[in-house]
Amino acid sequence: MSAVHSFFNKLSKTDGIFIAVALLCLLPIVSSPIALVLGFTLATFGLVPSQFNLAALTKKLLSYSIIGLGFGIQLDQAIEASKQGLGLIVASIFCTLLLGYILTKLLRIDQKTGHLIASGTAICGGSAIAAVAPAINAKDDQTSLALATVFVLNAIALFIFPVIGHYLEMSQHAFGTWAAIAIHDTSSVVGAAGAYGDEALKTATTLKLARALWIIPIAFLSALMFKGNSKKIGVPFFILFYCLAIGVAYLLPDFQSLYSAIFSMSKRVLVVCLFLIGSGITIQKLRAAGIQPLLLGVLLWVCIGGGSLAYIQLSS
């Protein structure tokens, strides 16, 4: 008890406000978009503690929560969703990378920055950028610019995708598929799909992680293209543990109540992740994105979002 008391005594007013809002995000009254706005608001008013490594904390929490979501996914449904969406995943990835290469040339953007933005759009946002950047020996400013661009579009997607989905009266499965293909980061995919419904969440998570598996081959290809270092490619191990969680739930069905509790808790932790992500978005980062890189990101996003939406609507 004395250790806990000592810990709270060391907290400043800013720390207390930040922790209180983060804990508030665990409650059902806070949705994913609201959590993002709360984080951005605290960042804007300088109420984000500087001593916390929010990027590392967010990465760990996001990995753990995605693994937890695996316990709520049926194996047969996961296999079926992956089979149905495989063609769309592959086509969207390579079309986005090709279009990104062309637009980077036309907009006269730095080649590595353009490739990082295209990779983030094609696969899974910040995770893909983080994996590809060392493989092509990208500079810090090139990586930061790509990440800032993706952050901005992710924040927008979290708000507008559910609105568009409801306006078009998309089914849970159709919306989950669209979100997995057209939204960059896994956190925003899960946030938008979770706001739409549980079935959309399960479909989106399964397809998004199947799409995220392409990080490794794309990073290797990128290293070859830019004559970089293929030994610096990071492996997203949380995807393997996510698959393991699905397998455990399938092989040991007697603990369904426990799996449901883990799944529900994981959804709330994801909302906290979006709050932390919002806390890292500042006016300075938005300005750093610049006009041309942001224009590249928007054009790629419109193409992949519009193209996948048209395909899904015509197929359903």
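Taken together, the values in this text are just the output of simple stated rules run on the coordinates, not laboratory data. From a predicted model like this one, the values you see are computed outputs, not experimental measurements. With ideal geometry, Cβ positions are generated from the backbone for all residues, glycine too; neighbour counts draw on all protein chains shown.
Tabulated data for the structure shown
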read-out	value
Overall form of the stretch 144-258 per C-alpha gyration tensor (a/c, 1.5; a/b vs b/c)	oblate
Two-site FRET efficiency, SER12 against ASN137, from Cβ-Cβ distance with R₀ of 41 Å, rounded to 0.05	0.55
Cα principal axis extents for the chain, largest first, Å	60, 46, 43
Gained length - ILE156 relative to ILE79, 0.36 nm times residue gap less alpha-carbon distance	24.7 nm
Alpha-carbon Debye profile of the stretch 57-138, log10 I(q)/I(0) at 0.11, 0.15 Å⁻¹	-0.43, -0.72
Per-residue ³J(HN,Hα) for the stretch 243-252, Karplus 6.51 cos²θ - 1.76 cosθ + 1.60, θ = phi - 60°, Hz, x for Gly and Pro	5, 5, 4, 4, x, 4, 4, 6, 7, 10
Length gained when the stretch ILE216-PHE94 is fully extended (0.36 nm per residue, less Cα-Cα span)	42.5 nm
Extent along principal axes [Cα atoms of the stretch 243-305; Å; largest to smallest]	54, 28, 16
Label point distance in nm, ILE102-PHE226, each placed 7 Å from Cα along Cα→Cβ	2.2 nm
From phi via Karplus (6.51, -1.76, 1.60), per-residue ³J(HN,Hα) for the stretch 37-50 in Hz, x at Gly/Pro	5, 4, x, 5, 5, 5, 5, 5, 8, x, 9, 9, x, 7
Interatomic Cα distance distribution for the stretch 77-185, bins of 5 angstrom, percent	2, 12, 19, 20, 19, 13, 8, 4, 1
Hz values of 3J(HN,Hα) by residue in the stretch 120-128 - Karplus curve (6.51, -1.76, 1.60), Gly and Pro given as x	x, 6, 6, 10, 8, x, x, 5, 5
Most fluctuating residue given options LEU270, LEU62, LEU168, as computed from a GNM of the chain linking Cα atoms under 10 Å	LEU168
